[in-house]
């Protein structure tokens with residue numbers, strides 16, 4: 001046997017090239033990933049509307065005395081008209097969506113770092129309380145100064161309240177779900193004490209602070225379109241840039257995807273956990289300040305709101321992406337804005353909106369089943385929010 005020199009030709013003879021399948025272009029792959037990301041939330045919304053229609057038809061004898069198959073069309077038509085049917089309706093949708101978007105960003109930023117910030121409710125309340133207290137204290141200042149100080153107070157209070165579970169998580173391993181749930185109840189009691197005690201108004205009929213005057217957010221559109229709408233409009237691109245265009249955002253996402261790899265790369269997971277939770281609290285505090293200064297006008301001792309909890313559904317529906325959270329917040333805001341007209345025209349209670357939101361969340365939680373039934377691919381989906389929610393304590397404990 002004659003030895004032949006090893007050349008490229010002999011290697012090709014020994015290992016002939018395999019017939020390869022044509023690969024899709026980068027643009028086509030990107031389009032496929034985007035479609036796969038959008039399809040699941042869209043499917044969850046459609047399924048929730050179908051479930052809501054079944055509930056309406058089943059309960060129609062209680063509303064009109066007989067089964068009415070057209071009741072869902074009437075109800076959904078009124079819901080759309082009440083949220084988009086006029087300029088004031090659109091403005092009301094934006095007003096309702098603003099705190100949901102800001103609080104949704106607070107939860108979404110946590111998800112990107114592998115943290116489940118269920119404490120947006122408490123951070124929202126503390127931000128609203130601080131803004132109300134500062135708004136009352138600065139009643140004698142010019143509006144621009146009073147508004148700036150009140151909003152800043154809400155931001156600082158929310159960030160400080162988010163810092164607490166972040167610090168406990170980073171240095172003691174205390175699970176953020178447990179600590180934030182407990183801090184939610186602490187915030188409720190702090191608001192009740194302060195609004196009915198030290199900051200209770202002098203001439204009010206129930207336990208609340210004085211009415212906010214110069215620090216109230218000015219109306220810039222319609223009857224209720226206050227300037228706080230712009231806060232959400234500005235926050236979305238800022239958070240998007242922070243997460244996807246900055247070094248800090250890359251580190252946050254890296255810690256969320258693989259804390260060990262982040263540590264080996266020279267990052268500091270503990271500091272990033274604290275910073276992320278403080279940033280989440282800042283956004284939730286801003287949401288609370290916007291709500292109190294722009295809509296309520298005072299801080300009640302028993303402030304009934306579900307913004308902090310609805311923000312979880314907003315973040316999940318938006319896949320924790322700022323743009324997705326924007327559209328999810330607008331959807332939930334539209335539901336809130338149109339619920340009143342739906343009740344008037346179709347006789348469907350406004351609580352149906354809560355049912356629809358809960359069903360959307362249910363189908364998002366059943367992600368694997370929905371993807372399997374409807375053949376939705378998971379291409380391009382990053383750190384799973386549901387994995388963050390279900391991750392065990394041992395997996396999340398910092399090292």
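What follows draws every value from the coordinates through simple rules; no lab data is involved. Because the structure is a prediction, the values reported are computed rather than measured. Cβ coordinates were reconstructed from backbone atoms using ideal geometry, including for glycine residues, and neighbour counts include every protein chain displayed.
Normalising by residue count, the stretch 44-116 has a Cα convex hull of 126 Å³ per residue. Distance from the C-alpha centroid of the stretch 286-316 to that of the stretch 184-218: 14 Å, rounded to the whole angstrom. Packing here is the average count of other Cβ atoms within 10 Å per residue, and on that basis the peptides 126-135, 327-336, 349-358, highest first, run 126-135, 327-336, 349-358. Once Rg and the Kirkwood radius are both taken over the C-alpha atoms of the stretch 61-214, their ratio Rg/Rh works out to 1.10. Taken along its three principal axes, the alpha carbon spread of the stretch 117-200 comes to 45, 25, 16 Å, from the longest extent down to the shortest.
Here residue 205 and residue 362 are evaluated by their C-beta separation; at R0 = 45 Å the FRET efficiency comes out at 0.65. Extending 7 Å from Cα along the Cβ direction at residue 344 and again at residue 81 yields two label points whose distance is 1.0 nm. Determine the shape class of the stretch 131-279: with a ≥ b ≥ c the square roots of the Cα gyration tensor eigenvalues, call it rounded for a/c under 1.5, and otherwise prolate if a/b is greater than b/c, oblate otherwise. Oblate, since a/c reaches 1.5 and b/c is not below a/b.
Taking other Cβ atoms within 10 Å as a rough exposure proxy, 205, 60, 86, 320 sort from fewest to most as 205, 86, 60, 320. Label-to-label distance, residue 245 versus residue 323, with points set 7 angstrom from Cα along the beta-carbon direction: 1.2 nm. Its residues counted as N, the stretch 274-324 yields a C-alpha radius of gyration over 2.2 N^0.38 Å of 1.29. Per-residue Cβ neighbour counts within 10 Å put 68, 260 in the sequence 260, 68, beginning with the fewest. Counted over all Cα-Cα pairs of the stretch 241-298, pairs farther apart than 14 Å make up 62 percent. Each of residue 193 and residue 38 was given a label point 7 Å from its Cα along the Cα-to-Cβ line. The distance between the two points is 5.0 nm. Among 152-160, 95-103, the peptide with the highest mean count of other Cβ atoms within 10 Å heads the list, and the full ranking is 95-103, 152-160.
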